[in-house]
Structures are given as C-alpha cells and as structure tokens.
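The structure appears right after this line, and notes come after that.
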C-alpha cells in the first residue's frame with residue numbers, strides 16, 4: 001500500500017509502508033539570495049528564490065510501543081560510487097530530526113515514540129538544506145504516523161521554530177520566493193524544469209560563519225526579474241539574473257571555491273553559482289544528456305561529491 005501526502009506532494013514524496021512511513025526529502029537550490037538587512041534578533045532579512053531538486057535523503061519512520069524517539073543514520077550510496085560520511089552527523093538532541101520529533105510531540109501533548117532511520121545522500125554544510133529537509137519530513141511523517149491531523153500551516157509554524165529553511169519544504173509548491181529570515185513563503189507557479197550539475201567540494205562551511213562574514217547590501221537587488229525569467233521559461237536569460245550575496249564571503253572563507261568556480265566557467269552551462277551559504281556549486285543545463293556530459297568532464301577533476309539532478313516541475 002502506498003500514497004503521496006497531499007500537503008507536500010510537490011516537494012517531498014511520502015509512502016505508506018508496512019513498518020510505518022517512508023519519506024524522500026529533497027535538497028534545495030537558491031537561484032537568488034539577497035541580504036536585505038540585519039534584524040534585532042541577530043538573524044538577517046533575506047529575499048531568496050528556492051527550488052527543490054531530485055537529490056533526496058530517505059527517512060523511515062517506524063511505529064513503536066514505547067515513548068522512545070531514536071535516530072539511526074546510514075550512508076546511502078550516491079551515483080559516483082561514493083557515499084556521504086555520516087560519522088560526524090549526530091543522532092542525539094542536536095540533530096534537527098530529533099528536535100523536530102520532540103517539538104511536534106510536545107505540541108501535540110502525547111507520549112508516542114518512533115524509530116527513525118535516515119539514509120543520507122545530501123551532503124552537510126553544502127547550502128543544500130539537507131538537515132532542514134529532513135526536519136520537515138519528520139514533521140510531515142509523524143503528523144501522519146501519530147494521527148495528529150495538523151494542517152500545513154500549523155506544521156510550518158512549528159518548522160519556523162526550528163530553522164528558517166524548514167517551512168519551505170512543507171509548502172505546496174517546489175518553487176517559492178522566501179523573505180524575512182526565510183520563513184515567509186510565497187509559492188511560485190510551476191516553472192519549466194531544467195537539469196543541474198551540483199558539486200560539493202571536500203570542505204564544507206558553517207552557515208553561521210558565512211552569515212557573520214556577510215554585510216547587507218546598500219542597494220538590494222530584487223528577485224522579480226529572475227522570477228519572471230524562470231516562470232516564462234526563458235532559460236537563456238538566467239545568467240544575468242542568478243545572484244547570491246553569500247557567495248563572496250563564502251569564497252573568502254573557503255579558497256577552494258575559486259577552483260570549483262573556474263571549473264564550472266570552463267563548461268557550457270546556461271548559468272552557475274553557489275547555493276545558499278555553500279559550499280555546493282551548481283550549474284544549469286537544458287537537458288539531462290547535456291548535464292551528464294558536463295558532469296563526466298567535472299568528475300575527472302576530483303572536485304568533490306558530484307550530482308546530476310533535475311528541478312521538480
């Protein structure tokens with residue numbers, strides 16, 4: 001027996017299994033990210049355009065008869081024959097998955113437990129929001145497993161307590177412009193899908209470190225030209241509209257990014273840039289064949305973990 005969760009069927013896939021629920025939690029890319037100001041709470045105000053892509057972590061949620069909430073993390077093999085190093089990923093209360101489960105349980109006022117298995121494909125410290133997506137998947141799955149019947153709005157409100165990117169993964173569209181500290185979400189209409197090549201270098205970056213090194217723009221750019229471009233399918237114009245205010249400070253903190261950027265500039269991408277706070281770099285292609293051909297070229301340069309993934313229409 002299987003089925004897709006209605007509230008999240010455009011961003012994450014959820015299926016009913018004999019043991020409970022399985023969720024495919026996607027990565028995201030930032031096609032636009034502008035820092036518009038510094039907030040009194042220490043966060044930054046941003047305007048960002050995000051899309052999910054077909055690179056997924058897999059989470060299994062098994063019902064148990066005890067009150068225990070437990071997490072096991074496994075390295076799932078990725079296409080280039082490598083796997084993510086999960087030894088550094090905590091499985092205690094510092095993991096967003098555990099925090100999401102306990103927050104939801106406290107909100108619901110129950111004492112139900114769950115066994116969670118997380119199979120990682122999305123690299124950490126990459127600007128791909130793997131941890132945020134996993135947390136959103138946890139809220140969505142346990143809402144079903146524990147029969148809580150919370151609305152998407154309620155789940156997004158809880159998600160915002162955990163992190164700025166998490167509510168996006170609970171939206172009803174795989175494309176959105178997000179503002180505030182990222183929690184104010186304006187879903188965008190379906191856009192023409194395209195293929196991406198993503199490289200995550202051997203070195204990651206802390207999101208907090210990158211934001212500390214950035215400064216709000218004196219003349220913030222607007223995401224509107226990019227939104228109009230992607231919604232109309234004018235992919236040839238993407239290069240002039242992609243933007244990421246965090247790229248420059250990330251390059252200063254991680255000089256290896258210059259090598260990655262130069263490698264991408266030598267290929268025939270429609271456009272390319274860093275995602276989020278890095279260090280993942282992505283390039284945009286029209287077709288899967290083109291993306292895989294370029295990925296083969298980049299693979300020979302040993303730049304790091306390499307993925308080919310399409311946006312989700």
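Just so you know, all these numbers are worked out from the coordinates, no wet-lab data involved. Since we're looking at a predicted model, the values are computed, not measured. All Cβ positions, even for glycine, are placed from backbone atoms using ideal geometry, and neighbour counts span all protein chains on display.
Values as computed for the structure displayed
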read-out: Principal axes of region 6-187: Cα extent on each, largest first, Å; value: 48, 43, 30
read-out: Residue of 120, 28, 102 that the Gaussian network model of the chain assigns the largest fluctuation, springs spanning Cα pairs under 10 Å; value: 102
read-out: Cα long-axis angle, helix 288-299 against the chain (0 to 90 degrees, to the nearest 10); value: 80 degrees
read-out: Most mobile of 235, 103, 148 in a GNM of the chain (Cα contacts under 10 Å); value: 148
read-out: Inverse mean reciprocal Cα-Cα distance (Kirkwood Rh) of region 195-310, Å; value: 14.9 Å
read-out: Likely footprinting exposure, 111, 234, 200, fewest C-beta neighbours within 10 Å first; value: 111, 234, 200
read-out: Nearest 10 degrees, 0 to 90: helix 256-265 Cα axis against the chain principal axis; value: 60 degrees
read-out: Gap separating the Cα centres of region 45-109 and region 146-190, nearest whole Å; value: 17 Å
read-out: Burial ordering of 43, 168, fewest other beta-carbon atoms within 10 Å first; value: 43, 168
read-out: Ranked list, fewest to most other Cβ atoms within 10 Å of each Cβ, for 47, 161; value: 161, 47
read-out: Mean Cβ neighbour count within 10 Å, used as a protection proxy, ranking 61-74, 297-310 highest first; value: 297-310, 61-74
read-out: Over region 85-217: Rg over Rh, Cα atoms, Kirkwood Rh; value: 0.97
read-out: Using alpha-carbon coordinates, inclination of helix 152-162 to the longest axis of the chain, degrees; value: 70 degrees
read-out: Helix-only [θ]222 nm of the chain, DSSP H runs n ≥ 4, -39500 (n - 2.57) each, per residue, nearest 500; value: -8000 deg cm²/dmol
read-out: Selected from 176, 296, 136 as most flexible by GNM, with the chain as the system and alpha-carbon contacts under 10 Å; value: 296
read-out: P(r) tail fraction, the chain - alpha-carbon pairs more than 35 Å apart, %; value: 16 percent
